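Asks: What follows is a structure written as structure tokens; I'll ask about it next.
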Amino acid sequence: QVQLVESGGGLVQAGGSLRLSCTASGSIFNIHVMGWYRQAPGKQREFAALISTGGTTTYAESVKGRFTISRDNAKNTVYLQMNSLKPEDTAVYYCYILAHSTYWGQGTQVTVSS
């Protein structure tokens with residue numbers, strides 16, 4: 001059984017920063033991709049960022065230049081450093097991993113006040 005546990009969400013003022021973490025545990029072999037999606041109130045879940053095993057990163061246009069994704073393969077952990085946060089970044093952030101299947105975290109709330 002695979003579990004993803006997220007942490008680091010919270011309330012921050014516009015222009016501030018937060019760092020999200022997500023650690024995967026359980027019967028995991030060969031994690032290929034780790035990443036983050038987010039879902040704002042009343043909207044569909046949308047892609048935010050991903051990182052491959054080799055460190056190649058991809059970002060949504062809306063977060064490019066402000067968010068940085070990284071991973072620690074030894075710890076099965078992915079991070080999302082979020083800088084210059086905007087009220088429109090307010091959402092529940094979900095981490096995921098692509099291994100022999102796709103697994104999702106439970107989500108962590110990020111609220112950015114104006």
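Asks: Would you mind getting the accessible area per residue of the chain, heavy atoms of the protein chains only, 1.4 Å probe, in Å²?
Replies: I get 52 Å² per residue for this part.
Asks: Still on this structure: Using a 1.4 Å probe over the heavy atoms of the protein chains, calculate the carbon and sulfur portion of the accessible area of the range 5-54 as a whole percent.
Replies: About 51 percent, which is the carbon plus sulfur part of the accessible surface.
Asks: Kindly provide the Kirkwood hydrodynamic radius of the chain in Å, to one decimal, from all pairs of distinct alpha carbon atoms.
Replies: 14.0
Asks: Taking residue 43 as the anchor, which aspartates and glutamates have their alpha carbon closer than 14 Å to its alpha carbon, excluding any fewer than eight residues away along the same chain?
Replies: 88, 89
Asks: Still on this structure, I have one more. Would you kindly give the portion of the calculated P(r) for the range 66-114 that falls above 16 Å, as a percent of all Cα pairs?
Replies: 51
Asks: Could you work out how much longer the chain between residue 73 and residue 46 gets when fully extended? Use 0.36 nm per residue separation minus the Cα distance between them, nm to one decimal.
Replies: 7.3 nm
The values are calculated or read from the model by the stated rules, or taken from the named source; none is laboratory data. Just so you know, these numbers come straight off a predicted model, no measurement behind them. We work out accessible area using only protein heavy atoms, side chains counted, and drop any ligands, DNA or RNA first. Shrake-Rupley method; radii C 1.70, N 1.55, O 1.52, S 1.80 Å.
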